[in-house]
Amino acid sequence: MTTNRQWLVAASPRGRALELTDFKYNEAEVEPLGKGEVRVKVECLSFEPSQKGQIEVIAGYSSGTAIGDVMGARGIGEVVESNDPGLPVGKKVLGSFGWQELATLPGRSLQELPNDQFLTAHLGPLGAQGLTAYFGLLNLGEPKAGDTVVISGAAGATGSIAGQIAKLKGCTVIGMAGSNDKCQWLVDDLGFDAAINYKTQDVGRSLDALCPTGINLYFDNVGGEILDLCLERIAMNARVIICGGISRYNATAPVPGPKNYFNLVFRRARMEGFIVLDYINQFPAAIAEMKRWMEAGQLKQSTTVIDGFEQLPRALIQLFEGVNIGKMMVNTNPG
Ligand SMILES: NC(=O)c1ccc[n+]([C@@H]2O[C@H](COP(=O)([O-])OP(=O)(O)OC[C@H]3O[C@@H](n4cnc5c(N)ncnc54)[C@H](OP(=O)(O)O)[C@@H]3O)[C@@H](O)[C@H]2O)c1
């Protein structure tokens, strides 16, 4: 029998920050494959803030993962055993594998990936975060050349793509991130026009200096005080796109709403939230367009890759600590 190493959910972190003890190491025997099933050796797992919500079982966001279940995660792996003629051994696939070395799933639940230079991009620009940036910015944000676009969580997986797309559309792009290194990377490597370190700089004053005619489009990944400071500075007909609110994900009590929301009335502006899955029918066309941008060197992928299966719980905690530049991933089988 083959042993499968796994990490199970051990506790719900609702109303507090994640802890290592929220996860429990487990070893399980691998069962024979059923009809149409495929065994995948997991190679790389995706990390995203919504995984905390997944184990808090917050209604309306995801169906949730119960205590005792394998921790959920999307990933890329290789087929090592197959009862699905359409997915022979050796194929690279994308799927919801969870935190385990071997995942057994119906072949029809997996997406075959070309084994080319864009393989890991399917967890980044060509995956959920890239698509979130694409539809949030383009469909809801409706950027126009010359707009001033502000993006929070700008050095993360979603924000870094949203900012690059806004640059492609001819906007002036200002990012906010939590370290000087991240801010420098946004400007020097990704071509943002300016970046604000929200931990060390006065965000309000910096926005006043960088957005003299106001903010036309604010792409919000963090919520809280930063959302309020941006609402205070929106231009006429601004679009405020609520993508995420990571500043509230560890809150122990209900979080107050933004004080400056009434500027939406004065400035005839719009504030709108969305879930990327709303656009699932348009994913193939968006992925094709972003792939073309990547091939043309107009859209860069950046990843922070942590090595080691044993690092999985720590990596999720580190995502909330802002360790990542670009997309956070764990390589489960280094070397
Ligand atoms: N609506 C949707 O369909 C959808 C889909 C995917 C993701 N999202 C949301 O998009 C946001 C970004 O997700 P992602 O996967 O791209 O993650 P990410 O930005 O790659 O990683 C999270 C980043 O958040 C920042 N952060 C952590 N705590 C913070 C705080 N208290 N205040 C401000 N920033 C904080 C950290 O960077 P710093 O060093 O800059 O602090 C960290 O690197 C999340 O809020 C997520 O829930 C929404």
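From zero up to wherever the largest Cα-Cα distance of region 1-115 sits, split into 10 Å bins and tell me the percent of pairs in each.
Per 10 Å bin, starting at zero, the Cα-Cα P(r) for region 1-115 comes out as 14, 42, 31, 12, 1 percent.
5 Å is the cut-off here: which amide hydrogens, built 1.01 Å from N in the peptide plane, fall below it relative to LEU113, excluding neighbours closer than 5 in sequence?
Counting only residues 5 or more places away or on other chains, the set is LYS92, VAL93, LEU94.
Write down the accessible area per residue of region 1-128 in Å², having rolled a 1.4 Å probe over the full set of protein chains.
With the other protein chains kept in place, region 1-128 gives 46 Å² per residue.
Might you work out the accessible area of ASP189 for me, using a 1.4 Å probe with all protein chains in place, and round it to the nearest 10 Å²?
70
When the chain is fully extended, how far beyond the present Cα-Cα distance does SER12 get from ALA235, taking 0.36 nm per residue of separation?
Using 0.36 nm per residue and subtracting the Cα-Cα distance, I get 76.2 nm.
If N is the number of residues in region 61-159, what value comes out of its Cα radius of gyration divided by 2.2 N^0.38 Å?
Here the Cα radius of gyration is 1.36 times the empirical estimate.
Can you bin every Cα-Cα distance in the chain into 20 Å intervals starting at zero and give me the percent of pairs per bin, rounded to whole numbers?
31, 56, 13, 0
Going by a ≥ b ≥ c, the root eigenvalues of the Cα gyration tensor, does region 115-200 fall in the rounded group (a/c under 1.5), the prolate group (a/b larger than b/c) or the oblate group?
Here region 115-200 falls in the oblate category.
For MET271, which sequence-distant residues (separation of 5 or more, or a different chain) have an amide H within less than 5 Å of its own amide H, given hydrogens modelled in the peptide plane?
Distant-sequence amide H within range of MET271: VAL240.
Grab the Cα-Cα distance for ALA253 and VAL89, subtract it from 0.36 nm times how many residues apart they are, and report the gain in nm with one decimal.
Value of the extension gain: 54.1 nm.
So if R0 is 22 Å, what FRET efficiency would SER179 and ASP202 give, r being the distance between their Cβ atoms, rounded to the nearest 0.05?
My answer for the efficiency is 0.85.
I need the shape label for region 233-335. Rule: rounded when a/c is under 1.5, else prolate if a/b > b/c, else oblate, with a, b, c from the alpha carbon gyration tensor.
oblate
Would you count, across region 1-113, every pair of lysines whose alpha carbons are under 22 angstrom apart, provided the pair is eight or more residues apart or spans two chains?
6
With r defined as the distance between the Cβ atoms of VAL80 and LYS291 and R0 fixed at 30 Å, what FRET efficiency is calculated, to the nearest 0.05?
About 0.65, to the nearest 0.05.
Sorted by average packing, counted as other Cβ atoms within 10 angstrom per residue and highest first, what order do 99-112, 197-210 take?
99-112, 197-210
So which residue, out of GLY297, GLY130, GLY308, gets the largest mean-square fluctuation from a GNM of the chain using Cα contacts under 10 Å as springs?
Comparing GLY297, GLY130, GLY308 in a Gaussian network model of the chain, the most mobile one is GLY297.
Apply 1/(1 + (r/R0)^6) to the Cβ-Cβ distance of GLU142 and THR3, taking R0 = 41 Å, and write down the FRET efficiency to the nearest 0.05.
E between GLU142 and THR3, to the nearest 0.05, is 0.20.
Distances over 15 Å make up what percent of all Cα-Cα pairs in region 128-176?
Summing the P(r) of region 128-176 above 15 Å gives 32 percent of all pairs.
If you take the C-alpha gyration tensor of region 176-298, multiply each eigenvalue by 5 and take the square root, what semi-axes do you get, largest first, in whole Å?
25, 21, 17
In terms of modelled amide H atoms, which long-range or inter-chain residues lie less than 5 Å from the amide H of PHE192?
VAL187
The values are calculated or read from the model by the stated rules, or taken from the named source; none is laboratory data. Predicted model only: the values in this text are computed from it and were never measured. Here the Cβ is made from the backbone with ideal geometry for all residues, glycine too, and neighbour counts use every protein chain on show. Calculation scope for accessible area: heavy atoms of the full protein, side chains included, ligands and nucleic acids excluded. Shrake-Rupley method; radii C 1.70, N 1.55, O 1.52, S 1.80 Å.
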